[in-house]
Amino acid sequence: MVAPKSLLAVAGVAVAMAATALALPAWAGARSKSAKPSAAERALLGSHELWATIDVCSPADQPDTIGVRGSMPGDGQARDRMYMSFRLQYMNKSKRWVNLAAGASSGYVAVGSGASPRQGGTSFELKPVAGQPAFTLRGIVNFQWRHGKTIVMSATQPTTAAHKSLAGADPAGFSAATCVIG
């Protein structure tokens, strides 16, 4: 379904709406839904190193740009690989978070070995429709720990404030849960 013209355009293309995002549990690993996470998994998922934030929100040198950054703890396994996927959501008139489509998702990006914590991020340049109201946006980061092609654990986090990005924040030290563009 094509979005109304009052929505943002991504990279100059009209945005299509996706289904309303549902609240996801912090863990959603490759196990059955009835299985509980192990102690090691609970430690990773409860780690202060597992977070998502907005580290760029339309600064003067990057107008209409939103940066989403994530951090994930390593599982201590050098042979495991960690991945993140970044996407944007906007708050609709019903005060629900809705996925932006058409270029508002990065797909999974490798961020390194599971031996130690890693951060990664991406920026999205948005093209607001002239004369339309501003939109409140947030990021969603999906995290995966993989052993070969097997996903051993995954998690999903919405953006929150008060995190320290190791790179990319504009201005330096910026961290927010949401961003208003338009």
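Return Y108, Y90 ranked ascending by Cβ neighbour count within 10 Å, so the fewest neighbours appear first.
Y108, Y90
If the chain between E125 and Y108 were fully stretched, how many nm would it gain, using 0.36 nm times the residue separation less the Cα-Cα distance?
The span from E125 to Y108 would gain 4.3 nm if fully extended.
First measure r as the distance between the Cβ atoms of S94 and D61, then evaluate 1/(1 + (r/R0)^6) with R0 = 25 Å and state the FRET efficiency to the nearest 0.05.
Working from the Cβ atoms, E equals 0.15.
Label points 7 Å out from Cα along the Cβ direction at A40 and A177: separation in nm?
3.4
Extension gain A161-A78, at 0.36 nm per residue separation less the Cα-Cα distance, in nm?
Net length gain for the segment: 26.9 nm.
FRET efficiency for Q132 and H48, Cβ-Cβ distance as r, R0 = 41 Å, nearest 0.05?
0.60
Are there trypsin sites (Lys or Arg not before Pro) in region 83-182 that DSSP marks as loop and that have at most 10 other Cβ atoms within 10 Å, and which are they?
Listed in order of number, the matching sites are K93, K95, K149.
In whole Å, what is the distance between the alpha-carbon centres of region 62-141 and region 146-169?
Rounded to whole Å, the Cα centres lie 10 Å apart.
No lab work stands behind these numbers, since they all come straight from the coordinates. Since the model is a prediction, treat every value here as computed from it, not as a measurement. So basically every Cβ, Gly included, is an ideal-geometry build from the backbone, and we count neighbours across all protein chains shown.
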